[in-house]
Amino acid sequence: MYPKIVGWRYYYYTAYSQRKMAKLDWYIRQRFAKWYAKKHKRRRWLSSLREVKSLSIQYGLKTLL
């Protein structure tokens with residue numbers, strides 16, 4: 001999966017697309033946070049967003065930006 005994300009980043013990256021890619025990164029991180037909150041039986045998924053961000057950095061999840 002990582003080569004696809006890196007490939008998309010290099011192929012589609014322009015000054016205009018940076019805003020679109022930021023929105024897509026936000027959507028992906030949001031979906032992970034909702035999944036993580038459900039897995040750990042938490043009511044509020046926004047509280048899981050910080051943990052998901054730190055875990056994605058720790059495990060090297062690639063972003064589009």
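Here are the numbers for the structure shown:
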quantity: The chain: angle of helix 17-39 to the longest principal axis, Cα-based, in degrees nearest 10; calculated: 20 degrees
quantity: Distance in nm between pseudo-label sites at Ser56 and Trp35 (7 Å out along the Cβ direction from Cα); calculated: 1.2 nm
quantity: Extended-chain gain in nm, criterion 0.36 nm per residue less alpha-carbon gap, Val6 and Thr63; calculated: 19.7 nm
quantity: All-pairs Cα distance distribution in the chain, expressed in whole percent, bin size 5 Å; calculated: 3, 18, 23, 22, 16, 11, 5, 2
quantity: Carbon and sulfur %, accessible surface of segment 16-65 computed with the full protein complex present, 1.4 Å; calculated: 55 percent
quantity: Percent RCO, i.e. relative contact order, over the chain, from Cα pairs under 8 Å lying at least 6 residues apart; calculated: 49 percent
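The values are calculated or read from the model by the stated rules, or taken from the named source; none is laboratory data. From a predicted model like this one, the values you see are computed outputs, not experimental measurements. As a convention, Cβ positions derive from the backbone with ideal geometry for all residues, glycine included, and neighbour counts pool all protein chains shown. These accessible areas exclude ligands, DNA and RNA; they are computed on the full protein's heavy atoms, side chains included. Shrake-Rupley method; radii C 1.70, N 1.55, O 1.52, S 1.80 Å.
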